[in-house]
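Student: So that we are looking at the same thing, I have put the structure below in structure tokens.
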């Protein structure tokens, strides 16, 4: 009996501890949500609370009406979908071949891919600028798509190859015996089995493009070519200037799709990633 | 899915093996050659893309690093050999060496805090009888789910800003003067570390939590029977058991921490909004040399040095991994 009570007190403290930790870790987000929903942001007044006292959606309205956020969204989507199609379209057959076939040069290429995977594309920004600018591709969507595709092609190849390695080869051999052509095998058998990794890789590519700001800011100069990330970057409040409530509303708007995707795919996320990248 | 595999396997196993044997007897050397050709045909689009967009720019960066390309010599640059590398490595005042030291300190500090805090959180999450653990886990994962740059900007304005920031609002409530958190080096370093921890902890905690759950509980029971306390259990059972499981993730995190750019750049060095502090990791250093002071040749040399370090580190960790597999 005594031990039971002691345990309960311990659990009570533990629960209190976790409630506090969760709250602390959510403060930056809660604060932004609260500011974005609060009508009179007399921010300098010291009686701030996390629950808005005067509720309003005006800041969200301002984000959609006053700022060209729909334009930024469509820019981001065009970039994301193009990158996705190219990276996966080229990546799936390559990942399959590297997982299944043994051929001359395979190991060397895979080792190179690991090294490239460690290379942050930020470091070759000057070179990329220098290469793209004579072709007139700076300040165009195609230029950014090229940059993003490079980074994501390496990721897609490596990540999906790792997952294909975990699919038993015997299934395909069986289909081959039954007279299926290589193309049929890939489309009918491999693709359905690889659906989790294709989904996760696709999501990672989308999230990458959605969140990438440094190339978007440096390579795109006009505000009508901004992506969501670049647009949000331009909206941020400075030390003394800027509209903090509108910025926080825009931040929430930009984050919600990513949050939904993340929590919807959370289970796949860990398996699709760990079985891919880590195992090699 | 597993049962699906098994069914197909049992149906075809016998047929497969004898058919393959038959096939193999017909096939000579040509097969290997045509297989290689086919493999390259299938992977050609991907490999071409990677060569053109990733490898070529790296080689071009290596080339730029041996020239004096800068804002005055954008097109009419000349070849200067290894001068930029010498400048980076031998002239301490140029700041590369101090940025490198700073990066190592930053990585070590971040990793130590991450591992310790994630370990504590994960072990507390696994206390028996904690019913709401999944709720806590979901809430604690939130920082991971948010887009990184958005979180950093929210921290910058919502927490650290001298006017809107929560910290200063609380200070003024206490009747204290507002502090410019990001303007001095030490406090900026601490602020950046906190944000980085906030961003990275959820991943580490998830990995550790998974590792904890894979430990066989009977180990603890017999240890308790032998009279082991919490410390002995942790040192002799928990840590050795989770080490191989979290190893790869820890290495990945060391990489990302070493390469961290966003936190420090967005908090302290945005163009036109520099916070006054002067902390540099090698990544922000390379970026600044290229896009703020426009010294492209020098910046490319720094980039190549960073790349070489990453290559060395990758090969080192891969070798370690292979050794372990051999054992």
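Read-outs throughout are calculated quantities, based only on the coordinates presented, and are distinct from any laboratory measurement. On a predicted model such as this, the values are computed, not experimentally measured, just so you know. As a convention, Cβ positions derive from the backbone with ideal geometry for all residues, glycine included, and neighbour counts pool all protein chains shown.
Student: Most exposed first by the Cβ proxy, i.e. fewest other Cβ within 10 Å, how do B:71, A:97, A:253 rank?
Tutor: Going from least to most buried by this count: B:71, A:253, A:97.
Student: Most exposed first by the Cβ proxy, i.e. fewest other Cβ within 10 Å, how do B:241, A:176 rank? Kindly include the intermediate steps, with their values, before the conclusion.
Tutor: Details: B:241 15, A:176 18.
By the 10 Å Cβ count, ascending: B:241, A:176.
Student: Would you tell me the mean number of C-beta atoms belonging to other protein chains that fall within 10 Å of each C-beta in B:256-268, as a whole number?
Tutor: Numbers: counts 1, 0, 1, 5, 1, 4, 4, 0, 0, 3, 4, 0, 0.
Counting other chains' Cβ atoms within 10 Å and averaging over B:256-268 gives 2.
Student: Also, quick follow-up: Would you work out the relative contact order for chain B, in percent, from Cα pairs under 8 angstrom that are 6 or more residues apart?
Tutor: Relative contact order of chain B: 26 percent.
Student: Here's something else I'd like to know. Please give the average number of partner chain Cβ atoms lying within 10 Å of the Cβ of each residue in A:94-106, rounded to a whole number. Could you put the intermediate results ahead of the total?
Tutor: Values: counts 10, 3, 3, 9, 5, 0, 2, 7, 4, 9, 6, 4, 4.
Average per residue, whole number: 5.
Student: Okay, next question. So for segment B:234-327, Kirkwood radius off the Cα pairs, Stokes-Einstein at 20 °C and 1.002 mPa s: how many µm² s⁻¹?
Tutor: Working: Rh = 15.9 Å.
The diffusion coefficient I find is 135 µm²/s.
Student: Kirkwood hydrodynamic radius of chain A from all distinct Cα pairs, in Å?
Tutor: Numbers: mean 1/r = 0.0448 Å⁻¹.
About 22.3 Å, per the Kirkwood formula over Cα pairs.
Student: Give me Rg/Rg_expected for the protein assembly as shown, where Rg uses Cα atoms only and Rg_expected = 2.2 N^0.38 Å with N residues. Don't skip to the end; give the middle numbers.
Tutor: Values: Rg = 26.6 Å, N = 607, 2.2 N^0.38 = 25.1 Å.
Scaled against compact globular proteins, the figure is 1.06.
Student: I want to verify a result. In a Gaussian network model of chain A, Cα cutoff 10 Å, which of these has the top mean-square fluctuation: A:25, A:82, A:133?
Tutor: A:25
Student: Based on alpha-carbon atoms only, what is the radius of gyration of chain B relative to the globular estimate 2.2 N^0.38 Å? The partial results should precede the final answer.
Tutor: Details: Rg = 26.7 Å, N = 327, 2.2 N^0.38 = 19.9 Å.
This ratio for chain B stands at 1.35.
Student: Please determine, in degrees from 0 to 90 and to the nearest 10, the orientation of helix A:244-264 with respect to the longest principal axis defined by the Cα atoms of chain A, where the helix direction is its Cα long axis.
Tutor: Approximately 40 degrees, to the nearest 10.
Student: Could you list A:22, B:51 so that the one with the fewest beta carbons within 10 Å of its beta carbon is first and the one with the most is last?
Tutor: Values: A:22 17, B:51 13.
In order of increasing Cβ crowding within 10 Å: B:51, A:22.
Student: Gaussian network model of chain A, Cα springs within a sub-10 Å range: biggest mean-square fluctuation belongs to which of A:30, A:14, A:73?
Tutor: A:14
Student: What percent of all Cα-Cα pairs in segment B:96-279 falls in each 5 Å bin, counting up from 0?
Tutor: With 5 Å bins starting at 0, P(r) equals 1, 7, 14, 16, 15, 14, 11, 8, 6, 4, 2, 0, 0.
Student: Okay, next question. Using the 2.2 N^0.38 Å rule of thumb for compact globular proteins, work out how segment B:36-157 stacks up: its C-alpha Rg over that value, please.
Tutor: On the way: Rg = 24.1 Å, N = 122, 2.2 N^0.38 = 13.7 Å.
That ratio works out to 1.76.
Student: Between the alpha-carbon centers of segment A:193-236 and segment B:60-114, tell me the distance in whole angstrom.
Tutor: About 28 Å separates the Cα centre of segment A:193-236 from the one of segment B:60-114.
Student: A follow-up question, please. Just for the Cα atoms in segment B:32-96, what are the lengths along the principal axes, largest first, rounded to whole Å?
Tutor: Answer, in whole Å and largest first: 56, 26, 17 Å.
Student: Mind checking B:287-296 for the average number of partner chain beta-carbons within 10 Å of each residue's beta-carbon? Intermediate results must be reported in sequence, preceding the final value.
Tutor: Numbers: counts 6, 0, 1, 7, 6, 0, 0, 1, 1, 5.
That works out to 3 on average.
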